[in-house]
Amino acid sequence: MKHLFAALAVAFSLFAVPAYAAPAQGDVIIRHVTIVDVEAARTVAGQAVVLRGADIVAVGADAAIAKDWRARRTVEARGRYLIPGLWDMHVHFGGGPELIDENKALLPLYVANGITTIRDCSGDLADQVLAWRSAIAKGSLFGPRLLTSGAKIEGIAPVWKGTIEVGSEADVDAALARLQQRDKVDFVKITDNTLKPELFLYALRRARALGIRTSGHIPMALTVDQAVDAGISSIEHLDYAYNAGAKDEAAIAADFAAGRIDRAEANRRLDAGFDRDTAMAAYRRFVAKGVSVTPTLNGSRILAYLDQGDHSKDEGLAYIGPKLRKTYDWRIERAAKADAAGIAARHKQIEDIATILPMLVEAGVPIMAGTDAGFLNSFNYPGFGLHDEIELFVQKGLTPAQALASATRAGPAWFGWLDRYGAIRPGMAADLVLLTRNPLTDIAATRAIDAVVLRGEVQDRAALDRMLADTRAKVAAWNAEAARAQ
Ligand SMILES: [Zn+2]
């Protein structure tokens, strides 16, 4: 009898445990939501997503999740679409130490626009940006996850400020050691203003040997293929990728290296020599070597059409401080000096360059959405510009799903972090954007933001509006101060 009772008790408890188990506890549950599976280019309706801390801990049919989980906060998301947080893979901070506050006021603009991660591609405030990166990670500064190259590597006495100048292989070794060990940068940016072409290639090879990803501008004296072979991880700006399509690129590079032609002539010949088969072969080599491309197409388009655009009424200007605004002048003045032929050439060039976007996609090259927003690049508004960029991608031939992937998955893929970002499933980061419309049918829906989840914290529409209003108020006060000082 005693045994039977014990056996019954065991049997009872075996059945009772699952039946009466307390629901698991999360912090936030997002209910009745339609999940956008960016990778599969499809939506899944009627889902619930549970967040705990900075993680997604459960995803599934709403009724099942609601039965098994409790959360302190419920976000009712019927009729809404949930996408992974957006990544802007090319931003800048800079303009000099007196612009630190104006640059800092840009950080909330990214979050208010659904951008949960930014990749800073170097400006002239590298130490400041490194400090922001750790403050954001610790939670003492509000902003998107910040990844940075630190100071970029350049030649001796370049036009760019805040660079690490290298004139020898030993200099390159020292620069990489500093960036990797002291600054612990997320990748390295190498540009081509005064850097010797052979040192550019040396830096790419050394960085690869050290396990550091590289991004950069390829010197005119080299072919794109040489940079790809040496291990460049991402090519910034579509024009460099375009150059790889010129049939006689090697001869043009050699002529430029020998001083037989100037940059303008080299560009003219590269454009004239563009050939689809040559380009496709080059882009397939990008794929084989694991090279991604960040087009920054919208930023280039704005600059190419400065002659036509009246930007004085841009809503974005309300978010740009007077000193940052002043950094626009350099490019505006340069554009104003161009004659009709120069302007026409600039228009033709940007339209020609844009034609390679669908070719890159066809070849399978990962396209990373990045804006080039920050300073210098006029009327390219931090945060807002990413939506312009991916909308332009669709206009140029990408599907909405491909455009969305460029802004949610290509960035994490480049860093090797697709196990943590770019999808909505348990174990992924709780970096999410809730939209009122379906971005797979209209990419402009990425602007229709109802809430942003950043590291598990829900920022509802009212909170996002407050972020925007805060930056506008700061800018208005700086503008008033600047007007008084005049
Ligand atoms: Zn840039």
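I'm trying to understand the selection: among the residues of region 292-334, which are touching a Gly at 6+ places or on another chain (Cβ under 9 Å) and of a type outside the set (Ser, Thr, Tyr)?
Pro295, Asn298, Gly299, Ile302, Gly316, Lys323, Leu324, Lys326
Report the residue count in region 161-183 for those that are in contact (Cβ under 8 Å) with a residue 12 or more places away in the chain, surrounded by fewer than 16 Cβ atoms within 10 Å (Cβ to Cβ) and of a type outside the set (Asp, Glu).
4
Mind listing whichever residues of region 336-356 are among the hydrophobic types (A, V, I, L, M, F, W, C) and closer than 30 Å to Leu398 by Cα?
The first filter runs over region 336-356 and keeps only residues among the hydrophobic types (A, V, I, L, M, F, W, C), leaving 336, 338, 340-341, 343-345, 350, 353-354, 356.
Those that are among the hydrophobic types (A, V, I, L, M, F, W, C) and closer than 30 Å to Leu398 by Cα: Ile343, Ala344, Ala345, Ile350, Ile353, Ala354, Ile356.
Mind checking whether some residue in region 60-67 is assigned to a strand (DSSP E or B) and either crowded, with 21+ Cβ neighbours inside 10 Å or modelled with pLDDT under 95 (or both)? Write out each step before concluding.
Step one: filter region 60-67 for residues assigned to a strand (DSSP E or B), giving 60-61.
Filter once more, keeping what is either crowded, with 21+ Cβ neighbours inside 10 Å or modelled with pLDDT under 95 (or both): none.
No, every residue in region 60-67 fails to be assigned to a strand (DSSP E or B) and either crowded, with 21+ Cβ neighbours inside 10 Å or modelled with pLDDT under 95 (or both).
Of all the residues that make up region 281-321, how many are within 16 Å of the ligand (Cβ to nearest atom) and more than 20 Å from Ala338 (Cα to Cα)?
7
Take Val111 and decide whether it is without any contact (Cβ under 8 Å) to a residue 12 or more places away in the chain and surrounded by 15 or more Cβ atoms within 10 Å (Cβ to Cβ).
In short, no.
List the pairs whose first member sits in region 300-320 and is under 13 Å from Tyr381 (Cβ atoms), whose second member is part of a helix (DSSP H, G or I) and of a type in the set (Lys, Arg), and whose Cβ atoms are under 6 Å apart, counting only residues at least 6 apart or on separate chains?
Ala318/Arg472
So which residues in region 48-100 are without any contact (Cβ under 8 Å) to a residue 24 or more places away in the chain and closer than 27 Å to Arg447 by Cβ, if there are any at all?
Ala48
Looking at Val166, Val129, Val185, which one is touching a Phe, Trp or Tyr at 6+ places or on another chain (Cβ under 6 Å) and of a type in the set (Val, Ile, Thr)?
Val129
Any idea which of (1) surrounded by fewer than 16 Cβ atoms within 10 Å (Cβ to Cβ); (2) in contact (Cβ under 8 Å) with a residue 60 or more places away in the chain is the one Met467 doesn't satisfy?
With (1) surrounded by fewer than 16 Cβ atoms within 10 Å (Cβ to Cβ); (2) in contact (Cβ under 8 Å) with a residue 60 or more places away in the chain applied to Met467, the lone miss is (1).
Checking the conditions here, which among Ala227, Ala221, Ala209 is free of Cβ contacts under 8 Å to residues at least 40 places away in the same chain and out of contact with any helix residue (DSSP H, G or I) (no Cβ under 7 Å at 6 or more places or on another chain)?
Just a single option satisfies the conditions, and that option is Ala209.
Of all residues in region 139-176, which are assigned to a loop (DSSP other than H, G, I, E, B), out of contact with any strand residue (DSSP E or B) (no Cβ under 7 Å at 6 or more places or on another chain), at pLDDT 95 or above and not aliphatic (A, V, I, L, M)?
Gly139, Ser140, Phe142, Gly143, Gly150, Gly167, Ser168
Quick check, is Pro23 modelled with pLDDT under 95, touching a helix residue (DSSP H, G or I) at 6+ places or on another chain (Cβ under 7 Å) and more than 30 Å from Thr399 (Cβ to Cβ)?
yes
Residues being part of a loop (DSSP other than H, G, I, E, B) and touching a helix residue (DSSP H, G or I) at 6+ places or on another chain (Cβ under 6 Å): count how many of those fall in region 299-321.
Adding up the residues that qualify gives 3.
Looking for whichever is in contact (Cβ under 8 Å) with a residue 40 or more places away in the chain, within 16 Å of the ligand (Cβ to nearest atom) and under 25 Å from Gly211 (Cβ atoms) here; the options are Gly411, Gly422. Which one fits? Quick ask: steps written out before the conclusion?
Details: Gly422 fails: within 16 Å of the ligand (Cβ to nearest atom).
Exactly one of Gly411, Gly422 is in contact (Cβ under 8 Å) with a residue 40 or more places away in the chain, within 16 Å of the ligand (Cβ to nearest atom) and under 25 Å from Gly211 (Cβ atoms), namely Gly411.
Show the residue pairs that are 6+ apart or on different chains and have beta-carbon atoms under 7 Å apart, the first residue being within region 261-280 and over 20 Å from Val361 (Cα atoms), the second being small (Gly, Ala, Ser).
Between residues of region 261-280 that are over 20 Å from Val361 (Cα atoms) and residues that are small (Gly, Ala, Ser), the close pairs are Leu270/Ala246; Gly273/Ala246.
Would you call Asp239 among the acidic types (Asp, Glu), surrounded by 16 or more Cβ atoms within 10 Å (Cβ to Cβ), within 16 Å of the ligand (Cβ to nearest atom) and under 22 Å from Gly397 (Cα atoms)?
yes
The values are calculated or read from the model by the stated rules, or taken from the named source; none is laboratory data. Keep in mind that this is a model prediction, so the values were computed, not measured. Ideal geometry is used to build each Cβ from the backbone, glycine not excepted, and the neighbour counts take in all protein chains shown.
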